[in-house]
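The values are calculated or read from the model by the stated rules, or taken from the named source; none is laboratory data. These numbers come from a predicted model, not from an experiment. Virtual Cβ from ideal backbone geometry, glycine too; neighbours counted across all protein chains shown. These area figures cover heavy atoms from the full protein model, side chains too; ligands, DNA and RNA do not enter into them. Shrake-Rupley method; radii C 1.70, N 1.55, O 1.52, S 1.80 Å.
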Amino acid sequence: RILIVDAVDTTGPLEYLLHGLGYWTTRVAASGETALKMAQDFLPSVVLLALDLPDMSSYRVATQLRGRAAGRDLRLIALTGDYAYPGRDLARRAGFERYLTKPVNVGALNQLLRSPQA
């Protein structure tokens, strides 16, 4: 169960990539608010969350998702277009396990999803 949270024009290719890797249970949200609402019913085990959301801080979204997981395993993976993004420490404090640069490398994503949580 993977929730992708990013701009609409980039979620389609990422969802297609995930389906190609055998991850068929996916949902897409284009904003933090939508992601938080969607996660209540969908109960994702992985959230691929862009760090540049249009409506709210991705770190706030991550913290709220982590808090709502309440003992359930939840993997938060940050997505960014800027490899040198200065917020790596903030992302870790918000509960992000890893940090992937867009466009996402299919091999790196597959390896990360198949590996145990860090």
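Details
- Cβ pairs under 6 Å, 6+ apart, first in the stretch 17-37 and touching a residue at least 60 places away in the same chain (Cβ under 8 Å), second among the β-branched types (V, I, T) and in a helix (DSSP H, G or I): L17/V106
- Boolean, A108 is open to solvent by 30 Å² or more (accessible area, probe 1.4 Å), more than 14 Å from the chain's Cα centre (by Cα), of a type in the set (A, V, I, L, M) and modelled with pLDDT of 85 or more: yes
- Residues of the stretch 28-39 classified as open to solvent by less than 50 Å² (accessible area, probe 1.4 Å) and among the hydroxyl-bearing types (S, T, Y), total: 1
- A residue that is under 25 Å from Q111 (Cβ atoms) and polar (S, T, N, Q) can be found somewhere in the stretch 68-85.
- Of the helices (runs of 4 or more DSSP H) that lie entirely inside the stretch 1-105, those containing 1 or more residues that are farther than 24 Å from S115 by Cα and at pLDDT below 95 span 8-20, 32-42, 58-69.
- Scope the stretch 21-69; condition touching a Gly at 6+ places or on another chain (Cβ under 6 Å) and among the small types (G, A, S); matching residues: A62
- T63 open to solvent by 20 Å² or more (accessible area, probe 1.4 Å) and hydroxyl-bearing (S, T, Y): yes
- Only one entry of A78, A91, A70 meets the criterion of being more than 17 Å from E15 (Cβ to Cβ) and loosely packed, with under 12 Cβ neighbours inside 10 Å, and that entry is A70.
A quick yes/no check of all residues on (1) in contact with a strand residue (DSSP E or B) (Cβ under 9 Å, 6 or more places away or on another chain); (2) closer than 22 Å to L90 by Cα; (3) surrounded by 22 or more Cβ atoms within 10 Å (Cβ to Cβ):
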{"site": "I4", "(1), (2), (3)": "yes, yes, yes"}
{"site": "D9", "(1), (2), (3)": "no, no, no"}
{"site": "G12", "(1), (2), (3)": "yes, no, no"}
{"site": "L17", "(1), (2), (3)": "no, no, no"}
{"site": "G20", "(1), (2), (3)": "no, no, no"}
{"site": "T26", "(1), (2), (3)": "yes, no, no"}
{"site": "D41", "(1), (2), (3)": "no, no, no"}
{"site": "S45", "(1), (2), (3)": "yes, yes, no"}
{"site": "D52", "(1), (2), (3)": "yes, yes, no"}
